[in-house]
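Taking it in order: structure first as structure tokens, then the write-up.
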Amino acid sequence: MEKTMFVKPRKGLIVRDPKTLSPLAENGEIKPFVGKEGTYWRRQLRDGSIGVVNSKSVSKTTNTEKPKEKNDDVKIMSIVNSNKKGGK
């Protein structure tokens, strides 16, 4: 299992993905919490550029699915475990 988090940019900010250089979607995206890329996203979180969406509004998802949100508040930091398909 890979640890991930569902993050949204703070209102009025554009935060770019370091891999693709494209802006983070306003509705949010799943990003890694660990590893080299995870370090970038944790730093953005610490600096206040992004917020983590409440895990209750995020069920098991893949990187292509967008979770349904119950509210637009970005308040609670939580880690979402997503199952990698393939492998063993």
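Coordinate-derived values only; no laboratory data. Quick caveat, the model's predicted, so the values are computed rather than measured. Positions of Cβ are generated from backbone atoms using ideal geometry, with glycine treated the same way; all protein chains shown enter the neighbour counts.
What to note about this one:
- Ranked for footprinting exposure by Cβ neighbours inside 10 Å, fewest first, 16, 46 give 46, 16.
- Fully extending the segment from residue 49 to residue 36 would add 2.9 nm, taking 0.36 nm per residue of separation and subtracting the current Cα-Cα distance.
- 15 Å beta-carbon shell around residue 18, net charge (K/R +1, D/E -1): +2
- Residues 30, 14, 50, sorted so that the one with the fewest Cβ neighbours within 10 Å comes first: 14, 30, 50
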